[in-house]
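The next block holds one structure in the form of C-alpha cells; read it before the comments.
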Amino acid sequence: MSLTLYQLDGCPWCEKVADRLDELDVEYESVWVEALHSERDEVKRVSGQRAVPVLVDDETGVTMNESANILEYIDTTYAEA
C-alpha cells in the first residue's frame, strides 16, 4: 500500500481526509493512533510531530500533516481531471 493515513477515532479532520480518499476511490491503509499525544510514537517517527491526520505517500515520498494541506495534495495528485 503506497498511502498510509494516521488518524484518531472521532477526529473530524481525520474523517474529512478519509472521506475524500474514499470519494476518489483511492486505496490507503489506516493506522489508528492513541488518544494521548505522548503515546503517538509512530506518528512522531514518520512525521516529526504527534498531531493527526498525517498522510504518508510512499510512491511520491511525501509525508504531510494538516488536513487542509492533505486534502489539497489528494486532489492535486489523485483526483481525475
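The values are calculated or read from the model by the stated rules, or taken from the named source; none is laboratory data. Bear in mind the structure is a predicted one, so any value in this text is a computation, not a measurement. Heads up, the Cβs are rebuilt from the backbone with ideal geometry, glycines too, and the neighbour counts pull from every protein chain shown. Side chains are part of the model used for accessible areas, which takes the heavy atoms of the whole protein and leaves out ligands, DNA and RNA. Shrake-Rupley method; radii C 1.70, N 1.55, O 1.52, S 1.80 Å.
Step by step: first the residues of segment 56-81, then only those that are farther than 21 Å from PRO12 by Cα and polar (S, T, N, Q), then the one that is surrounded by the fewest Cβ atoms within 10 Å (Cβ to Cβ). Which residue is that?
Out of the qualifying residues, it is THR76.
Report, ordered by the first and then the second residue, all pairs with beta carbons closer than 9 Å, sequence separation of six or more or different chains, a first member in segment 21-42 that is under 14 Å from GLU80 (Cα atoms), and a second member that is part of a strand (DSSP E or B) and open to solvent by less than 90 Å² (accessible area, probe 1.4 Å).
Qualifying pairs under 9 Å: LEU21/LEU3; LEU21/LEU5; LEU21/LEU55; VAL26/LEU3.
Got at least one residue in segment 43-51 being touching a strand residue (DSSP E or B) at 6+ places or on another chain (Cβ under 8 Å), in a loop (DSSP other than H, G, I, E, B) and of a type outside the set (A, V, I, L, M)?
yes
Hey, among the residues in segment 37-55 that are surrounded by 17 or more Cβ atoms within 10 Å (Cβ to Cβ) and aliphatic (A, V, I, L, M), which one's nearest to ASN65 (Cα to Cα)?
VAL54
Say we look at segment 19-36 and pick out the residues that are of a type in the set (A, V, I, L, M, F, W, C) and part of a strand (DSSP E or B); which of these is surrounded by the most Cβ atoms within 10 Å (Cβ to Cβ)?
The selected residue is VAL31.
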